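The values are calculated or read from the model by the stated rules, or taken from the named source; none is laboratory data. Everything quoted here is computed from the prediction, not taken from an experiment. We place every Cβ from the backbone using ideal geometry, glycine too, and count neighbours over all the protein chains shown.
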Amino acid sequence: MARNVDKPFMRTRAGFFTALLFRNISFNSVSFLTCPSSLAKFKFEDLDEWNNYISALRDHFPNESEDFFCNRFALGQPIAERTVEQAEYFWKASNSCEWPEPEDWPVDFMNMYDRLTRIKGKHSLPGCGQLSLYLLCADMVYYDLVECPSSSDMASIILSLGRGALSGLQILGYLKEEGKESLTVDAVRVAFEQFTGDITLLLYSAQELPRLKLTTIDLEHILCKYSRMWTLKFYQSFPSS
């Protein structure tokens with residue numbers, strides 16, 4: 001999406017509305033991935049424009065279920081509140097939030113993460129949990145709205161989420177396999193930096209490092225995918241009953 005939305009637009013409240021729609025409704029949906037170019041839209045000025053877009057998609061795909069337009073499994077586990085109708089709540093939130101002034105961009109990652117958390121505390125953002133807020137901030141990095149998180153920022157987020165990336169660090173042996181409550185941000189930061197160093201050395205040896213230009217967001221994503229692959233392999237090793 002970052003290649004299709006102009007970055008100055010993303011600094012507006014309509015841009016924030018568009019970002020909420022992409023991350024919490026359109027992302028990984030079949031309709032978004034297969035939409036014909038004649039119907040495709042990547043930015044929305046208001047709720048009416050979004051509703052017109054969805055109406056056109058439903059007319060084009062008349063026999064499809066609601067999951068076709070909004071994938072409840074987009075982040076792995078199903079999110080019941082993840083539906084097309086939640087756009088109304090996102091519009092209300094985007095029009096009543098304190099948005100940074102033009103001269104304040106790009107915003108510090110944790111500043112934006114905390115800002116979105118406060119918005120969620122004041123307004124209903126159905127289906128938008130901690131993971132979605134983090135991914136929304138990550139999207140904003142690619143729009144040049146938010147600075148890329150530091151290792152310390154990422155450690156704080158990994159520990160707060162307590163999900164795939166944390167498991168990945170434990171599976172790979174960078175952290176002891178103990179409960180989230182027993183870990184500190186500093187311990188996670190050290191483990192994450194060790195993982196970063198090892199990946200960097202591996203890619204440097206393969207002469208891939210200059211081409212890839214991995215960020216802390218990419219590295220967190222790698223840990224999540226590794227954890228998921230390991231879990232799937234673990235369960236598939238059991239014989240079916």
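Out of the residues in segment 71-115 that are in contact with a Phe, Trp or Tyr (Cβ under 8 Å, 6 or more places away or on another chain), among the aromatic types (Phe, Trp, Tyr) and farther than 17 Å from Val146 by Cα, which is surrounded by the fewest Cβ atoms within 10 Å (Cβ to Cβ)?
Result: Trp91.
For segment 120-129, name all the residues that are surrounded by fewer than 19 Cβ atoms within 10 Å (Cβ to Cβ) and either among the hydrophobic types (A, V, I, L, M, F, W, C) or in a helix (DSSP H, G or I) (or both).
Of everything in segment 120-129, those that are surrounded by fewer than 19 Cβ atoms within 10 Å (Cβ to Cβ) and either among the hydrophobic types (A, V, I, L, M, F, W, C) or in a helix (DSSP H, G or I) (or both) turn out to be Lys120, Gly121, Lys122.
Pick from Phe69, Phe42: which is in contact with a Ser or Thr (Cβ under 6 Å, 6 or more places away or on another chain), assigned by TED's automatic domain parsing to the domain that holds Glu85 and closer than 25 Å to Tyr143 by Cα?
Numbers: Phe42 fails: in contact with a Ser or Thr (Cβ under 6 Å, 6 or more places away or on another chain).
None of the other options fit; the residue is Phe69.
Go through segment 167-190 and give me each residue that's within 19 Å of Asp218 (Cβ to Cβ) and in contact (Cβ under 8 Å) with a residue 24 or more places away in the chain.
Ser167, Gly168, Leu169, Ile171, Leu172, Val188, Arg189
Tally time: how many residues in segment 96-113 are touching a helix residue (DSSP H, G or I) at 6+ places or on another chain (Cβ under 6 Å) and touching a residue at least 40 places away in the same chain (Cβ under 8 Å)?
The qualifying residues number 5.
Restricting to segment 197-208, what's the tally of residues that are surrounded by fewer than 17 Cβ atoms within 10 Å (Cβ to Cβ) and within 18 Å of Met154 (Cα to Cα)? Before the answer, list the steps.
Start the filter on segment 197-208 by keeping residues that are surrounded by fewer than 17 Cβ atoms within 10 Å (Cβ to Cβ), which leaves 197-198, 200-208.
Filter once more, so that each one left must be within 18 Å of Met154 (Cα to Cα): 197-198, 200.
So the count comes out to 3.
Results for (1) without any contact (Cβ under 8 Å) to a residue 12 or more places away in the chain; (2) in a helix (DSSP H, G or I), shown as yes or no for each residue.
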position: Phe9; (1), (2): no, yes
position: Asn24; (1), (2): no, yes
position: Ser38; (1), (2): yes, no
position: Phe42; (1), (2): no, no
position: Ala56; (1), (2): no, yes
position: Trp91; (1), (2): no, yes
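Can you name the condition, by its number, that Tyr174 falls short on among (1) assigned to a helix (DSSP H, G or I); (2) crowded, with 16+ Cβ neighbours inside 10 Å?
(1)
Hey, Glu64 hits all of (1) within 30 Å of Ala155 (Cβ to Cβ); (2) in contact (Cβ under 8 Å) with a residue 12 or more places away in the chain; (3) among the charged types (D, E, K, R) but one; which does it fall short on?
Result: Glu64 fails condition (1) only.
Considering only segment 186-223, state which residues are in a helix (DSSP H, G or I), modelled with pLDDT under 95 and over 21 Å from the mean Cα position of the chain (by Cα).
Gly197, Asp198, Ile199, Thr200, Leu201, Leu202, Leu203, Tyr204, Ser205, Leu209, Pro210, Arg211
Is one or more of the residues making up segment 72-89 part of a helix (DSSP H, G or I), free of Cβ contacts under 8 Å to residues at least 24 places away in the same chain and either more than 30 Å from Val190 (Cα to Cα) or of a type in the set (Phe, Trp, Tyr) (or both)?
yes
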